[in-house]
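Participant: Questions regarding the structure given below will be posed in turn.
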Amino acid sequence: MVVHLTVAALSAAAGAGATVVAQHVVAPGEDGAGTARAAAAEQHEAMNDQAVYKRVEPGVVDVTSNLEYREETAKGTGFVIDAADGLVLTNNHVIDQATSVTVTLVTSGKTYPARILGYDAADDVALLQVRGAALTAVRIGDSSLVDVGMPVLAIGNEAGQGGAPTVAPGVISSLGRTIVASDQSSGLTETLHGMFQTSADIRPGDSGGPLADASGRVIGIDTAAGGDIVYSGYAIPINQAMPIARQIAAAWAGGSGQGEPGQGEPGQGEPGGGGPSHDGAGRGGPSQASRIQIGLPAFLGVLLPGGASSGSERADSQVLRQDGAVSSSPRACSGTSDIPVTPVHVAPVRSGALVGGVLCGTPADQAGISTGDVITSVAGEPVSSPGSLTALLRRYHPGSVVPLDWTGPDGSPHAAAVTLAAGPAG
């Protein structure tokens, strides 16, 4: 069954949630689930919503993501899992494409900058860190104990309005759901497994918020919602999210103590690894370790024709999810709403990565790379395609100085040592 859902992150520029499509895979033994849900719900006593809210609310934060290259702001929710270290858990899609993030404590209204420690795009989990704030952590539950009919309370930042968190009571209506969600405004597509389905009224802006049980313990992360006939919300079980958060935190704990993660093998996604490692694959693909990005990826800022929606070629075209066209002028710097096209004038070389545009102010722009150029090597290693350029850049951290060679549309050779920037998340 395919239903239309709303991914519950709010784009301030669009003013509404993003529409996605989700496919539900019915777990074994769930035939007649509607009747079972109704019967199970009757067997549980009503939750004391106010008591649960009072226990969870001190650990809830509003998350605001600055999507610089899309000229947008996304708003969602998060919750504190470690007050001493300032660790905040949220959805990856809340911070997807973010160049900077702030969190606002709902108890005081104070706003603080947050560091993106890392994220797992495949499992839609991200970990942030806040310094200098008096935080209160939520109590973490055990999602393996959750059963159909259990009452729950979804807490979030509906419509990105801020202030006191919004609440949505409901029950767990199904377990182990798989949804395939596509955000039509950003181009993000994700397949999420093992999801809780709930009758709680999760809304845009609630993404990343806590789903709590009757004892006030968090057993899930509010993630998606919607439906054509029967409304449903979806949450990531906390037992799936916490191991990812712990692995990200451990990478930073093993670092230099100067605000940098530990140095693992570059580009392998291990703690302290290099650039983007998620390739769009689901659980049948790479291991979870290989999908986790520690910190922000290294970023060159070139736009690759045909690469805006392909998973493995997304590293340097990941911000290109808008309508528009890149100017074919060799000296044009691309605007933030442009997407790459095949330029009119192209460098006369047999192989390499064709540049369909360059984002203004990025390392590529500063190095003089232009539309129609073809990047032919990175640190002396040949570039044979856009995909190989992406793979080579994955080896580096933001701040790395990388020698690049490229050829202009007139056949002239160029070379420069380029300092890679910190790219957008996701």
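Participant: For segment 35-64, give me each residue that is at pLDDT 95 or above and among the small types (Gly, Ala, Ser).
Facilitator: Across segment 35-64, the qualifying residues are Ala51, Gly59.
Participant: Take segment 77-101 and flag every residue that is at pLDDT below 95, in contact with a Leu (Cβ under 8 Å, 6 or more places away or on another chain) and either on the phi > 0 side of the Ramachandran plot or not in a loop (DSSP other than H, G, I, E, B) (or both).
Facilitator: Residues satisfying the conditions are His93, Ile95, Gln97.
Participant: In this structure, is Arg177 in the same structural domain as Arg70 (by TED's automatic domain parsing), at pLDDT below 95 and not hydroxyl-bearing (Ser, Thr, Tyr)?
Facilitator: Yes: the conditions hold for Arg177.
Participant: List the strands (runs of 3 or more DSSP E) that sit entirely inside segment 333-426 and contain at least 1 residues that are among the aromatic types (Phe, Trp, Tyr).
Facilitator: So the answer is 401-407.
Participant: For segment 403-426, which positions are surrounded by fewer than 19 Cβ atoms within 10 Å (Cβ to Cβ) and within 28 Å of the chain's Cα centre (by Cα)?
Facilitator: Thr419, Ala422
Participant: Right, another one. What pairs come out if I take residues in segment 164-176 that are in contact (Cβ under 8 Å) with a residue 40 or more places away in the chain and pair them with residues that are surrounded by fewer than 19 Cβ atoms within 10 Å (Cβ to Cβ) and of a type in the set (Asp, Glu) whose C-beta lies under 6 Å away, six or more apart or interchain?
Facilitator: That search, which allows pairs on different chains as well, returns Ala168/Asp201; Pro169/Asp49.
Participant: So which residues in segment 283-301 are closer than 17 Å to Ala391 by Cβ and either modelled with pLDDT under 90 or assigned to a helix (DSSP H, G or I) (or both)?
Facilitator: Gly285, Pro286, Ser290, Arg291 - these are the residues of segment 283-301 that are closer than 17 Å to Ala391 by Cβ and either modelled with pLDDT under 90 or assigned to a helix (DSSP H, G or I) (or both).
Participant: Pro237 fails exactly one of the following numbered conditions: (1) at pLDDT 95 or above; (2) farther than 24 Å from Ser65 by Cα. What is the number of that condition?
Facilitator: Failed condition: (2).
So that you can scan it fast, the table gives a plain yes or no per residue for (1) touching a Ser or Thr at 6+ places or on another chain (Cβ under 7 Å); (2) surrounded by 23 or more Cβ atoms within 10 Å (Cβ to Cβ):
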| residue | (1), (2) |
| --- | --- |
| Val180 | yes, no |
| Gly194 | no, no |
| Ala200 | no, yes |
| Ile219 | yes, yes |
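Participant: With respect to Gly160, is the statement that it is modelled with pLDDT under 95 and more than 20 Å from Lys54 (Cα to Cα) true?
Facilitator: For Gly160, the condition - modelled with pLDDT under 95 and more than 20 Å from Lys54 (Cα to Cα) - is met.
Participant: Okay, moving on. Mind checking which residues of segment 372-396 are touching a Ser or Thr at 6+ places or on another chain (Cβ under 7 Å), β-branched (Val, Ile, Thr) and modelled with pLDDT of 90 or more?
Facilitator: Those that are touching a Ser or Thr at 6+ places or on another chain (Cβ under 7 Å), β-branched (Val, Ile, Thr) and modelled with pLDDT of 90 or more: Val374, Thr376, Val383.
Participant: Go through segment 109-166 and give me each residue that's in a loop (DSSP other than H, G, I, E, B), charged (D, E, K, R) and crowded, with 22+ Cβ neighbours inside 10 Å.
Facilitator: Scanning segment 109-166 gives Asp123, Asp124.
Participant: Quick check: is even one residue across segment 53-63 touching a residue at least 24 places away in the same chain (Cβ under 8 Å), of a type in the set (Gly, Ala, Ser) and in a strand (DSSP E or B)?
Facilitator: Taking every residue of segment 53-63 in turn, none turns out to be touching a residue at least 24 places away in the same chain (Cβ under 8 Å), of a type in the set (Gly, Ala, Ser) and in a strand (DSSP E or B).
The values are calculated or read from the model by the stated rules, or taken from the named source; none is laboratory data. Keep in mind that what you see is a predicted model, and the values were worked out from it rather than measured. Heads up, the Cβs are rebuilt from the backbone with ideal geometry, glycines too, and the neighbour counts pull from every protein chain shown.
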